[in-house]
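Engineer: Below is one structure. I have some questions about it.
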Amino acid sequence: MVGIGYEGFPRETPHYSFKELTFEAALKAYEDAGVDPRKDVDSFVVCEEDYWAGWSISDEGAPDQLGGVLRPLHTVSGDGLNGVANAFMQIKTGYFDVVVVEAHSKASDILTYEGILTFAFDPLFYRLLNAHPHFLAGLEMDAFLEDHENTEEDCAEVVRKNRENARHHEAASFGGQTSVQEVMDSEVLFRPLKAAEISPLADGSIVLVLASAEKARELTDQPIWIRGIGWSSDSPWLETRSLAEARYARWAADQAYRMAGLERPRRRVHVAEVDDRFAYKELQHLEALGLAGGNRAGALLREGFYEMKGDLPANPSGGSLGVGNLLEASGLFRVMEIVRQLRGQAGEHQVEGATLGVAQSWRGIPTATGGVAVLEA
Amino acid sequence: MVGEEYRRWEGDMEALYVYTAGVAGDRFFREIRDNERLMGTYCPECDVTYLPPRLYCETCFSELNEWEEIPNKGRVDAITVAYVDDKGERLARPKVLAMVRFLGANGGLIHVVDLPEEDVYRGMEVEVVYLPRGLRKGSFLDILHFKAI
């Protein structure tokens, strides 16, 4: 990993088109990496989805804002961390030295967010229930709390922690001091899920520059290494997947940890950025990643284990709850944040002495798809 | 929604479809409409009965031709109560939704439970309630809701 750049993350960006958002992020990433996209980049990977863009076959419009016209480019209709996995594999073939990954959210352009999520449900079954798509998050949270040793207060605690952490992130839109009681008292929308536990949408673009080991040493004195990466999906059918456990995250972590030769991750990892689009998801994901000593994420949270000053800070950036839900850029945000931590460039939310970090993504409701990357300084 | 300072236009992407139920879906919805029963497909290779039924096994990729009747009674496995509608507007009457599992079937069904929210609990036995015969169209909504036994 040799370059990072972002433009974001306000609630809305009425002055930029989504292409211009990407352009601004790309300029920063290329400057950071010291590369010219017209000469030095061998391939581009863009993670986007037509319905988020409001534009059919939108991959045709992906190259120019990245400097990728007449260069190899492919899109991944999925989360940005899957794009990093694609770039990683391209570099591993030996045919590519420098690969760029981009993902963005122009959520403020979307007037019917719920409708797009509803379209992701089976049209012959649950789309017909005429229910808000977050009902599935309510079901998952209920199953998770029933099966695991966590409480509704633990989920509220995640909101408190992440909004507190976001106060120290220079680009977060939702940082602030929130008490557990305030979260518990917020409107119950999909019992047991409450309004304050749902991350609000934000805009932004993120661009990462990856290079082969040899090229990386040429470009920078401080490369961040991808030691392991993996991705996985639980059953495509809601009925045959686990509601209580994030098996996709466990399977993705198994792959990434095996590649990295990482055992006993809870003791070795210094910092983690995991998907917290809903508060219960952070706990569910920490457990699936083996960072919670089994099903004890809530207990460890209460002991301060995941706080900024704890043994394993989780979402020191503030995560989606504090920074905002960046749609398909959410996973890329988490990878970028780990890179910043390992470079010692995370500013006010720097975790002291972090040299090994884990980033994890989830594609959001109604998917059971996610990825994991293990990064090292 | 349209900003004063910056040019923005509202637009939509209208797209209409006809969704095909397919071989497995067709039989599933037909059995509900004509016989008030749930049917799943059985994979002898994996000893798994899928509900809803599928034409193929997601584990071993066998084509599935054996059908099994699933009992109309199941147990609540997960519950949520939606206080807002599909657009996020407050509902006058909250909607209780549950994942219900059935003995002998892998999978289950999510649907409305016709009970006050405080009366629904994990593990409770419920029964499938169908629309009256003349009103059934061979759709998922031929299942009206789950009720307590």
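The values are calculated or read from the model by the stated rules, or taken from the named source; none is laboratory data. The shown structure was predicted, so the numbers you read here are calculated from the model rather than taken from an experiment. Here the Cβ is made from the backbone with ideal geometry for all residues, glycine too, and neighbour counts use every protein chain on show. What goes into the accessible areas is simple: the full protein's heavy atoms, side chains included, and nothing from ligands, DNA or RNA. Shrake-Rupley method; radii C 1.70, N 1.55, O 1.52, S 1.80 Å.
Engineer: Please go through the stretch A:99-157 and give me each residue that is in contact with a Leu (Cβ under 6 Å, 6 or more places away or on another chain), within 30 Å of A:Ala29 (Cβ to Cβ) and of a type in the set (A, V, I, L, M, F, W, C), ordered by number.
Structural biologist: A:Val99, A:Val101, A:Ala103, A:Ala107, listed by residue number.
Engineer: Now for a different question. Restricting attention to the stretch A:252-294, which residues are assigned to a loop (DSSP other than H, G, I, E, B), under 20 Å from A:Arg163 (Cα atoms) and basic (Lys, Arg)?
Structural biologist: A:Arg277
Engineer: Please find, among A:Arg191, A:Arg250, A:Arg241, the residue that is outside the structural domain of A:Ala53 (by TED's automatic domain parsing), open to solvent by 10 Å² or more (accessible area, probe 1.4 Å), within 21 Å of the chain's Cα centre (by Cα) and under 26 Å from B:Gly107 (Cα atoms). Spell out the reasoning first.
Structural biologist: Details: A:Arg191 fails: within 21 Å of the chain's Cα centre (by Cα); A:Arg241 fails: within 21 Å of the chain's Cα centre (by Cα).
So the residue among A:Arg191, A:Arg250, A:Arg241 that is outside the structural domain of A:Ala53 (by TED's automatic domain parsing), open to solvent by 10 Å² or more (accessible area, probe 1.4 Å), within 21 Å of the chain's Cα centre (by Cα) and under 26 Å from B:Gly107 (Cα atoms) is A:Arg250.
Engineer: Residues in the stretch A:146-169 that are open to solvent by 30 Å² or more (accessible area, probe 1.4 Å) and more than 10 Å from chain B (Cβ to nearest Cβ): how many?
Structural biologist: 10
Engineer: Considering the stretch A:326-348 alone, what residues qualify as being surrounded by fewer than 24 Cβ atoms within 10 Å (Cβ to Cβ) and either over 17 Å from A:Gly3 (Cα atoms) or small (Gly, Ala, Ser) (or both)?
Structural biologist: Those that are surrounded by fewer than 24 Cβ atoms within 10 Å (Cβ to Cβ) and either over 17 Å from A:Gly3 (Cα atoms) or small (Gly, Ala, Ser) (or both): A:Gly344, A:Ala346, A:Gly347, A:Glu348.
Engineer: Something else now. Looking at (1) open to solvent by less than 10 Å² (accessible area, probe 1.4 Å); (2) more than 14 Å from chain B (Cβ to nearest Cβ), which is the only condition A:Gln181 fails?
Structural biologist: (1)
Engineer: Something else about it: So is B:Met99 surrounded by 14 or more Cβ atoms within 10 Å (Cβ to Cβ) and either within 9 Å of another protein chain (Cβ to nearest Cβ) or of a type in the set (D, E, K, R) (or both) or not? Step through it out loud before you land on a result.
Structural biologist: Details: surrounded by 14 or more Cβ atoms within 10 Å (Cβ to Cβ): yes; either within 9 Å of another protein chain (Cβ to nearest Cβ) or of a type in the set (D, E, K, R) (or both): yes.
Considered against the rule, which asks whether it is surrounded by 14 or more Cβ atoms within 10 Å (Cβ to Cβ) and either within 9 Å of another protein chain (Cβ to nearest Cβ) or of a type in the set (D, E, K, R) (or both), B:Met99 comes out as yes.
Here is a yes/no grid of residues against (1) in the same structural domain as A:Arg363 (by TED's automatic domain parsing); (2) open to solvent by 10 Å² or more (accessible area, probe 1.4 Å); (3) over 21 Å from the mean Cα position of the chain (by Cα):
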site: A:Leu124; (1), (2), (3): no, yes, yes
site: A:Arg127; (1), (2), (3): no, yes, yes
site: A:Leu139; (1), (2), (3): yes, no, yes
site: A:Ala171; (1), (2), (3): yes, yes, no
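Engineer: So, of the residues in the stretch B:24-60 that are open to solvent by 100 Å² or more (accessible area, probe 1.4 Å) and more than 11 Å from chain A (Cβ to nearest Cβ), which turns out to be farthest from B:Val100 (Cα to Cα)?
Structural biologist: Let us first name the residues in the stretch B:24-60 that are open to solvent by 100 Å² or more (accessible area, probe 1.4 Å), namely B:30, B:45, B:47, B:56, B:59.
When the remaining residues are screened for being more than 11 Å from chain A (Cβ to nearest Cβ), the result is B:30, B:45, B:47, B:56.
Values: B:Arg30: 21, B:Glu45: 25, B:Asp47: 21, B:Tyr56: 23 Å.
Filtering first and then ranking leaves B:Glu45.
Engineer: Name the single residue, out of those in the stretch A:32-66 being among the charged types (D, E, K, R) and within 23 Å of A:Ser105 (Cα to Cα), that is least open to solvent (accessible area, probe 1.4 Å).
Structural biologist: A:Glu48
Engineer: I'd like the residue in the stretch A:194-215 that is within 14 Å of another protein chain (Cβ to nearest Cβ) and in contact (Cβ under 8 Å) with a residue 12 or more places away in the chain and, out of all such residues, is surrounded by the most Cβ atoms within 10 Å (Cβ to Cβ).
Structural biologist: If we filter the stretch A:194-215 for residues that are within 14 Å of another protein chain (Cβ to nearest Cβ), which is where we start, we get A:194-195, A:197-198, A:200-201, A:203.
Pick out the ones that are also in contact (Cβ under 8 Å) with a residue 12 or more places away in the chain and you get A:194, A:197-198, A:200-201, A:203.
Details: A:Lys194: 23, A:Glu197: 28, A:Ile198: 20, A:Pro200: 16, A:Leu201: 19, A:Asp203: 26.
Step by step, filter the stretch A:194-215, then rank; the result is A:Glu197.
Engineer: If a residue counts only when it is of a type in the set (Val, Ile, Thr), which strands (runs of 3 or more DSSP E) contained entirely in the stretch B:61-149 have at least 2 such residues?
Structural biologist: Strands (runs of 3 or more DSSP E) meeting the threshold: B:73-84, B:90-102, B:109-112, B:125-130.
Engineer: Is there a residue being farther than 30 Å from A:Ser235 by Cβ and in contact (Cβ under 8 Å) with a residue 24 or more places away in the chain anywhere in the stretch A:285-305?
Structural biologist: So far as the stretch A:285-305 goes, yes, one or more of its residues are farther than 30 Å from A:Ser235 by Cβ and in contact (Cβ under 8 Å) with a residue 24 or more places away in the chain.
Engineer: Is it fair to say A:Pro265 is in contact with a Phe, Trp or Tyr (Cβ under 7 Å, 6 or more places away or on another chain) and either more than 14 Å from chain B (Cβ to nearest Cβ) or free of Cβ contacts under 8 Å to residues at least 40 places away in the same chain (or both)?
Structural biologist: Details: in contact with a Phe, Trp or Tyr (Cβ under 7 Å, 6 or more places away or on another chain): yes; either more than 14 Å from chain B (Cβ to nearest Cβ) or free of Cβ contacts under 8 Å to residues at least 40 places away in the same chain (or both): yes.
Criteria met by A:Pro265.
Engineer: Here's something else I'd like to know. How about the stretch A:21-31: which of its residues are open to solvent by 10 Å² or more (accessible area, probe 1.4 Å) and more than 12 Å from A:Pro63 (Cα to Cα)?
Structural biologist: Listed by number, the residues that qualify are A:Glu24, A:Leu27, A:Lys28, A:Tyr30, A:Glu31.
Engineer: So, one more: So for the stretch B:73-90 (the condition being more than 8 Å from every other protein chain (Cβ to nearest Cβ), loosely packed, with under 12 Cβ neighbours inside 10 Å and under 30 Å from A:Leu193 (Cβ atoms)), does at least one residue qualify?
Structural biologist: Yes.
Engineer: Just need a number here: residues in the stretch A:16-40 that are more than 24 Å from the chain's Cα centre (by Cα) and not charged (D, E, K, R).
Structural biologist: 3
Engineer: Out of A:Leu139, A:Leu117, I need the residue that is facing chain B (nearest Cβ under 8 Å) and in contact (Cβ under 8 Å) with a residue 60 or more places away in the chain. Which one?
Structural biologist: Exactly one residue qualifies, and that residue is A:Leu139.
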